[in-house]
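Reading through the structure tokens given below for one structure.
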Amino acid sequence: MKRLTSSIIRLLGCGLLFVVTALANSALAASPGCNAFTPPAQFDLPAGQQYTSNSLFFYAHETIVVGWSQGIYMDIQLINGFNGVVLLDSGATNQGQYSANTGNSNSDLIIRVKNVDSNPDYGITVNCQSTTRSHDNNQDGNSDIQWRDSSGNTAVWFMTGSQVLSVVSLGNVPATWSIVGQGDFNADAYYDLLWRDNSGNTAMWLFGANGVSSVASLGNVASSWSVVGTGDFNDDGKTDILWKDTSGNVAVWLMNGTQVASSSALGNVGTNWSVVGTGVNNGDGFPQSAVFWRDTAGDLAIWFMNGTSVASTMSLGAVPNNWQVAGVGDFNGDGAPDILWRDTNSGAVAIWFLNASFALQSVTSFASPGGTWQIAQTGDYNGDGMSDILWKDASGNTAAWFMNGSSVASVASYGSVGSTWQVQAQNAE
């Protein structure tokens, strides 16, 4: 039986003191998943022949998207690596992508690509991308909700759709500290918390099977710099950190758990541009990480990231400033990020549905829920592969819209938490 140890940890130079219970010797190995999928850059398959990958370890509730050259007639299989049983079989298809979920348990899977055409296929390109649910702190496939009150008390709601499965207190952290980001920084399928205090000290809480498993200091960054985004910018399965200073300079930290693997300046965008969200296209198996920017005139643009550099940029046009970006998520489950908007005048809600090329495909609007309701966060709270919308009003009443593309499939009320508790949504999606 693994031994539970309780230890007091002080972050060096940070003055952040609290008690954390850790499970000794229980650290999970990083899920290589698609990161260990290494087919040739391009290869040929004679008629009836197949390519079989090495065994790939995936955590529960990871979504796997396998993509291949468009127009090639293929049969794609996900096979249990232990006994060879075909778990999921797409059938013969030339659609160019196939998506599946690993289910309720960790899995060793093999990806098999078979040419079912009567002719050979040349120059085949195959890739895959695996993702877990955003801000999922307990690895159950549902996004969770992180809370803090005005006194510094911190808690998490573990969600299961329309129900709060359990509530866990994470103790009290001085009000000089703020949660400035969330992500899976060590690729173990548990989302972690990034903290920063008023003096620029930066720290990380890593989550595991028993809550907060470890704590680390990331040092001090001058207070002129702010964390403006989190995302997997080099597609290694680990969340990275985007910074911007008061002069408009932008930099990125590529993370390996609690260590900064590398960092780079990304140039200066001026002071009139702000990050409004991050996302990644998983819809074709060829991942593309993106940073969404908006300026004070309402212009919207995208940076496509390639590790420590910006590979390319794209404009999405201008939107009147009464419309504000309220979140970025995948509301229709197609693997491409969508943009959630709220009209500050009328309270109306709208979603821009983007395709795998990040082009605008369609727009859906919803009437205002009325009252003092505000969008608090987005996340997949019921684990169906589509982002949902979390609402909170001025009295502390909390509710969720469970989305199904362009419609609200159902609504759930979670009761009132009072007015002193706030959802910790900064850089969470």
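The values are calculated or read from the model by the stated rules, or taken from the named source; none is laboratory data. From a predicted model like this one, the values you see are computed outputs, not experimental measurements. Here the Cβ is made from the backbone with ideal geometry for all residues, glycine too, and neighbour counts use every protein chain on show. For the accessible areas, the whole protein counts, side chains as well, though only heavy atoms, and no ligand, DNA or RNA atoms are used. Shrake-Rupley method; radii C 1.70, N 1.55, O 1.52, S 1.80 Å.
Cross-link partners for K244 among the aspartates and glutamates, with Cα-Cα distance under 13 Å and sequence neighbours closer than 8 places in the same chain left out, do not exist in this structure.
From the Cα gyration tensor of segment 260-342, with a ≥ b ≥ c the square roots of its eigenvalues, which class applies: rounded if a/c is under 1.5, or else prolate if a/b is larger than b/c, or else oblate? In terms of gyration-tensor shape, oblate.
Take S199: with every protein chain present and a 1.4 Å probe, its accessible area is about 80 Å². Find which of F58, P39, S90 sits farthest along the positive direction of the dipole of the chain, computed with +1 on the beta-carbon of Lys and Arg, -1 on that of Asp and Glu, about the Cα centre. Positive-end residue among those listed: F58. In terms of accessible area, using a 1.4 Å probe and ignoring ligands and nucleic acids, K114, K238 rank largest first as K114, K238.
Take the Cα of A394, step 7 Å toward its Cβ, do the same at N345, and the gap between the two points is 2.2 nm.
For segment 338-400, pairs of C-alpha atoms spaced more than 19 angstrom apart make up 38 percent of the total. Taking the Cα centre of the chain as origin and assigning +1 to Lys and Arg Cβ atoms and -1 to Asp and Glu Cβ atoms, the resulting dipole is close to 940 debye. So what's the gap between the Cα centers of segment 43-88 and segment 310-345, to the nearest angstrom? Going from one Cα centre to the other spans 33 Å.
Evaluated with a Cβ-only charge set (Lys, Arg +1; Asp, Glu -1), segment 90-213 carries a dipole of roughly 80 debye about its Cα centre, given to the nearest 20.
Near the amide H of L170, within less than 5 Å, lie the amide hydrogens of T154, A155, V156, all on another chain or at least 5 residues away, with H placed in the peptide plane. What percent do you get for the relative contact order of the chain when only Cα pairs under 8 Å and 6+ apart count? With pairs under 8 Å counted, the relative contact order is 12 percent. Residues T202, T125, sorted by accessible area with the largest first, give T125, T202 [1.4 Å probe; ligands and nucleic acids excluded]. Per-residue accessible area (protein heavy atoms, 1.4 Å probe) orders V319, V310, V363 as V363, V310, V319, starting from the largest. Heavy-atom accessible surface of H135, to the nearest 10 Å², is about 0 Å², with a 1.4 Å probe and all protein chains retained. FRET efficiency for the T364 to S410 pair, using the beta carbon distance and R₀ = 22 Å, is estimated at 0.85. Ellipsoid fit via the Cα gyration tensor, segment 83-219: semi-axes of 41, 18, 12 Å, each the root of five times an eigenvalue, largest first.
Is the shape of segment 103-153 best called rounded, prolate or oblate, per the rule: a/c under 1.5 gives rounded, else a/b larger than b/c gives prolate, else oblate, with a ≥ b ≥ c the square roots of the Cα gyration tensor eigenvalues? Verdict is prolate for segment 103-153.
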